[in-house]
1. I'd like the residue in the range 25-46 that is outside any helix (DSSP H, G or I) and of a type in the set (K, R) and, out of all such residues, is nearest to M11 (Cα to Cα).
2. Here are L144, L157: which of them is within 18 Å of the chain's Cα centre (by Cα), at pLDDT 95 or above and either hydroxyl-bearing (S, T, Y) or over 24 Å from P4 (Cα atoms) (or both)?
3. If you take the residues in the range 58-104 that are outside any loop (DSSP other than H, G, I, E, B) and charged (D, E, K, R), which one is least open to solvent (accessible area, probe 1.4 Å)?
4. Provide a single number: the residues in the range 107-124 that are in a loop (DSSP other than H, G, I, E, B) and open to solvent by 20 Å² or more (accessible area, probe 1.4 Å).
5. Can you tell me how many residues within the range 155-176 are farther than 15 Å from L326 by Cα and either among the polar types (S, T, N, Q) or open to solvent by less than 10 Å² (accessible area, probe 1.4 Å) (or both)?
6. So in the range 39-76, with the set limited to residues that are small (G, A, S) and at pLDDT below 90, which one is farthest from the chain's Cα centre (by Cα)?
7. Kindly provide the set of residues from the range 175-226 that are among the small types (G, A, S) and either outside any loop (DSSP other than H, G, I, E, B) or out of contact with any Lys or Arg (no Cβ under 7 Å at 6 or more places or on another chain) (or both), ordered by number.
8. Could you list, in sequence order, all residues of the range 24-55 that are more than 14 Å from V315 (Cα to Cα) and open to solvent by 20 Å² or more (accessible area, probe 1.4 Å)?
Amino acid sequence: MSLPCIAIDAMGGDEGVRVMIEGAALARRRHDNFRFLLVGDEVRIKAALEQHPNMRGASEILHCEDVVGGEEKPTQALRRSKTTSMGLAVNAVKQGDAGAAVSAGNTGALMAMSKLALRTMPGIDRPALAAVMPTLEEDDVVMLDLGANTEANARNLVQFAIMGAAYSRILTGRDEPRVRLLNIGTEEIKGTDSLRDAASQLQEATNLAMSFDGFVESDKINRGQVDVVVTDGFSGNIALKAIEGAARFVTDLLRAAFTSSLRSKVGFLVSRPATELLKHHLDPNNHNGAVFLGLNGVVVKSHGSATAAGVANAVAVAASLLENNLTQRITQDVADLEESLTSDPADPTGAES
């Protein structure tokens, strides 16, 4: 039986080959039962592998010199999907040569290529971009959609909830993750028609592997009171960037405060253990790896500026989703939803009279 394979777009991201290979090498220390298909310039990849002996025997190289530019439009990138490192990495998943693809390249191009090559799963209308964020509690929170769909109707939101819950079960180990819809208030009358309709459908579905209890406001996303936050890509992307901006504001403010005077510098030395913990918690590299949920295959987007540790986290996300059969879980959950919504409440068997 062949080992599971992860295709790595070695040319994507701000740092390119060196960081991508180093990140994959770090990830393999945690998932040594995986092998890699490294897509990119063969000469540069081989040079990078010289620094990581643990990767040599577990890696194959697919030579490719063409790269998707960071500012390239998705429509332009699609025309070169058969010649670019990003396109070939995704295509490896389509052809069955890899179980997952990881890229730090252009997000729009990666989504376009992934949708075209892998298509959406049966029962899923639109894929969604999901990511994890830190909370005050032990477990992270899954949030989707973060930009794949600027608009979403009630059916889309329900499907996002199912996909997010499946991801959260893998991430947290909870049998029934706490799922909420992002809204401007928690009252049932608040929000758009789509939000209220989605909430109604999720409350009526009795056999889903989640705990749904209405809405959550944006200031509660990171409090640890919810496992999955569901919204459209427009609102989700704004919320994500607001949270990231607030985190950078806090760290910059602390840096300025601790360097403003000699007394402040002494205070920094005293409080350094606490500030280091805060820095670790807010470091985006520790939560790197957004996932395109709803496709017939696993595709993980690493941040373009991610360090090797960040890339390792993205690769580890891909490995974990393969090990825990994410796509099969979503398929079963969608089937359970359809069964729940079409069965006659008066007849638990769903039989026709």
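The values are calculated or read from the model by the stated rules, or taken from the named source; none is laboratory data. Since the model is a prediction, treat every value here as computed from it, not as a measurement. Using ideal geometry, Cβ is built from the backbone for each residue, glycine included, and neighbour counts are taken over all protein chains shown. Note: accessible area is taken over every heavy atom of the protein model, side chains too, but ligands, DNA and RNA are not part of it. Shrake-Rupley method; radii C 1.70, N 1.55, O 1.52, S 1.80 Å.
1. First, pick out the residues of the range 25-46 that are outside any helix (DSSP H, G or I): 29-41.
Next cut, of a type in the set (K, R) only: 29-30, 35.
Details: R29: 22, R30: 23, R35: 18 Å.
It comes out as R35.
2. Working: L144 fails: at pLDDT 95 or above.
Of L144, L157, the one residue that is within 18 Å of the chain's Cα centre (by Cα), at pLDDT 95 or above and either hydroxyl-bearing (S, T, Y) or over 24 Å from P4 (Cα atoms) (or both) is L157.
3. From the range 58-104, those outside any loop (DSSP other than H, G, I, E, B) are 59-63, 66, 74-79, 84-94, 100-103; that's our starting set.
Now restrict to residues that are charged (D, E, K, R): 60, 66, 79, 94.
On the way: E60: 107, D66: 48, R79: 185, K94: 115 Å².
Residue satisfying both the conditions and the ranking: D66.
4. Number satisfying all stated conditions: 3.
5. Restricting attention to the range 155-176, the residues satisfying the condition of being farther than 15 Å from L326 by Cα are 155-158, 176.
When the remaining residues are screened for being either among the polar types (S, T, N, Q) or open to solvent by less than 10 Å² (accessible area, probe 1.4 Å) (or both), the result is 156-158.
Residues meeting the conditions: 3.
6. The first filter runs over the range 39-76 and keeps only residues small (G, A, S), leaving 40, 47-48, 57-59, 69-70.
Going one step further and asking which of them are at pLDDT below 90, we end up with 57-58, 69-70.
Numbers: G57: 28, A58: 25, G69: 21, G70: 19 Å.
Across the range 39-76, the extreme among qualifying residues is G57.
7. To start, the set of residues in the range 175-226 that are among the small types (G, A, S) comprises 185, 191, 194, 198-200, 205, 209, 211, 214, 218, 224.
Selection gives G185, G191, S194, A198, A199, S200, A205, S211, G214, S218, G224.
8. Restricting attention to the range 24-55, the residues satisfying the condition of being more than 14 Å from V315 (Cα to Cα) are 39-54.
Within the range 24-55, D41, E42, V43, R44, K46, A47, E50, Q51, H52, P53, N54 meet the criteria.
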